[in-house]
1. Among what's in the range 286-309 and is modelled with pLDDT of 90 or more and of a type in the set (Gly, Ala, Ser), pick the residue that is nearest to Thr328 (Cα to Cα).
2. Among strands (runs of 3 or more DSSP E) lying entirely in the range 308-415, which contain 3 or more residues that are under 30 Å from Gly77 (Cβ atoms) and not acidic (Asp, Glu)?
3. Of the residues that sit in the range 178-193 and are assigned to a strand (DSSP E or B) and under 19 Å from Gly262 (Cα atoms), which one is modelled with the lowest pLDDT?
4. Could you please find all residues in the range 339-351 being among the polar types (S, T, N, Q) and either under 24 Å from the mean Cα position of the chain (by Cα) or within 16 Å of Gly367 (Cα to Cα) (or both)?
5. Consider the range 95-126. How many of its residues are in contact (Cβ under 8 Å) with a residue 24 or more places away in the chain, farther than 28 Å from Arg161 by Cα and in a loop (DSSP other than H, G, I, E, B)?
6. Tell me whether the range 74-94 contains one or more residues that are over 23 Å from Ala148 (Cα atoms), in a strand (DSSP E or B) and either of a type in the set (Asp, Glu) or modelled with pLDDT under 85 (or both).
7. Going through the range 130-154 one residue at a time, which ones are at pLDDT below 95 and among the hydroxyl-bearing types (Ser, Thr, Tyr)?
8. List the strands (runs of 3 or more DSSP E) inside the range 242-282, counting only whole elements, that have at least 2 residues being touching a residue at least 24 places away in the same chain (Cβ under 8 Å) and crowded, with 19+ Cβ neighbours inside 10 Å.
Amino acid sequence: MRRRVAAGSAAVLALAVGVSGCSDDTPPPPPKTTATASPSESSALDSPLAFAAKPVRIPLPSRMFQLRDGAAYLLDGKNALAAYDLATGARRWSAPLAGPPVRLGNTGPMIAEVDGKPTAFVTYRVDIVGSGTVPARTVLRVASFGLADGAPGWQSDVDDRGIPEDGSLGVDKVVAASSDHVVLSTDSYDTGVSGDFTAVLDARTGKVRWTKPAFQARALDGDVVAGMTSGADAHRVPSSTIGLAASDGSQVWAHEETKPAGNLINGPLGGGLLQVYPVGRRGDGPNGIVDIRTGREVIRLETGGGASVCRYDDESVVVCSQHLVSRTGTMVAYDTTSHERLWQVPGKDSGREAPKITAARRGVVYGSTSNGPLILDARTGQDRVTDLPFVPEVVVPGFGIDVEQREMTVHPAIG
């Protein structure tokens with residue numbers, strides 16, 4: 001089995017939405033979360049098959065969060081990073097952000113273990129007052145916090161003229177982190193096509209390793225940062241998915257005329273994999289999944305052209321579903337070691353309805369059909385549970401989570 005997990009997901013299911021932009025049909029709306037679970041949780045109803053109908057509710061001002069060790073880590077709307085207990089909804093601790101931040105609407109933490117210590121990283125914009133001949137400017141501040149109690153670690157400012165202007169729809173996010181690297185990117189949706197910027201920092205010291213305008217990072221695996229090129233001529237020259245060395249920013253590989261699926265808000269697919277969709281001359285072709293370290297396309301999705309949503313079960317299976325307005329839905333599963341197709345719904349001789357996937361976790365797939373929420377076996381595609389009380393968007397040991405407007409609803413696992 002393939003057990004290599006993308007950095008920034010810390011032995012986790014990283015909820016990533018693979019929604020391509022190459023179809024006029026409207027794909028399912030993506031959840032805006034990333035989930036993490038530590039190895040110590042592996043025995044606590046690791047792949048839940050039943051959930052309590054009554055949830056615990058936790059406020060979610062930032063719309064992006066991390067899950068680990070039975071807690072949710074998020075920016076609480078009061079210029080602070082906070083930890084909430086998933087079982088009770090009570091706040092465990094709150095750590096103020098120095099700044100103050102310009103805004104916190106579209107950012108959230110990323111968790112990684114640094115020298116064995118679970119650490120949260122967060123980035124946000126801070127206005128620096130001008131002085132003398134030095135003009136006022138905005139920097140991207142990156143801060144680290146101990147996960148146990150929110151104790152502050154290092155703090156570093158990315159002060160670069162390539163940082164795009166801020167916008168009300170813009171996203172500034174720590175995309176991924178590992179024991180060696182912290183990767184942040186921006187996407188200023190409403191300030192033009194040059195709104196992408198990436199910086200990589202040393203995870204132990206906060207020292208800026210390199211910066212790159214017109215590049216949006218999406219994932220990290222080992223020493224390779226995968227993302228997409230952009231720029232002022234993006235409307236004329238098709239973007240490419242490329243891999244850069246995390247140590248110095250040099251290009252390692254290129255996957256021409258493709259873009260990473262989803263958007264910056266979504267987390268990485270996981271398993272050292274990145275979902276891409278074709279652009280330019282290849283725009284009508286199928287989505288693919290590439291190996292982050294090599295850039296090699298290892299899976300060509302058989303869901304057809306258009307938008308696909310993919311989930312990695314944090315073990316050995318990637319499951320993708322496609323439900324476009326003008327077509328019958330399809331769900332396909334692939335083995336992440338052999339890269340061969342495991343099953344497909346509907347099959348050649350099957351009258352089954354293809355579910356819409358929302359989550360996957362160690363051998364099980366969560367989603368829904370017109371009959372309601374259900375769970376499938378990730379290796380066989382067979383129905384396992386057909387009476388769930390809700391459709392979980394994120395699943396970690398002991399809990400299933402739905403994301404509603406301005407709050408998360410946490411359903412404890414009961415089986």
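The values are calculated or read from the model by the stated rules, or taken from the named source; none is laboratory data. The shown structure was predicted, so the numbers you read here are calculated from the model rather than taken from an experiment. When we count neighbours, we look across all protein chains shown, and the Cβ atoms used for this are built from the backbone with ideal geometry, even at glycine.
1. Here is the first cut: in the range 286-309, the ones modelled with pLDDT of 90 or more are 288-301, 309.
Filter once more, so that each one left must be of a type in the set (Gly, Ala, Ser): 288, 295.
Numbers: Gly288: 20, Gly295: 31 Å.
Selected residue: Gly288.
2. Working: elements: 309-312, 317-322, 330-335, 341-345, 356-361, 364-369, 372-377, 383-385, 394-396, 399-404, 407-412.
Fully inside the range 308-415 and qualifying: 356-361, 394-396, 399-404, 407-412.
3. Our first condition is that a residue be assigned to a strand (DSSP E or B); within the range 178-193, this holds for 181-187.
Applying the additional criterion that residues be under 19 Å from Gly262 (Cα atoms) yields 183-187.
On the way: Val183: 98, Leu184: 97, Ser185: 96, Thr186: 92, Asp187: 87.
Residue satisfying both the conditions and the ranking: Asp187.
4. Of the range 339-351, the ones among the polar types (S, T, N, Q) are 344, 350.
Within the range 339-351, just Gln344 meets the criteria.
5. So in the range 95-126, the residues in contact (Cβ under 8 Å) with a residue 24 or more places away in the chain come out as 95, 97-115, 117-126.
With farther than 28 Å from Arg161 by Cα added as a condition, the list becomes 95, 112-115, 117-119.
With the extra rule that they be in a loop (DSSP other than H, G, I, E, B), the set shrinks to 115.
Residues flagged as in contact (Cβ under 8 Å) with a residue 24 or more places away in the chain, farther than 28 Å from Arg161 by Cα and in a loop (DSSP other than H, G, I, E, B) within the range 95-126 amount to 1.
6. First, pick out the residues of the range 74-94 that are over 23 Å from Ala148 (Cα atoms): none.
No, the range 74-94 has no match at all.
7. Scanning the range 130-154 gives Ser131, Thr133, Thr138.
8. Numbers: elements: 251-255, 258-260, 273-278.
Passing ranges, in order: 258-260, 273-278.
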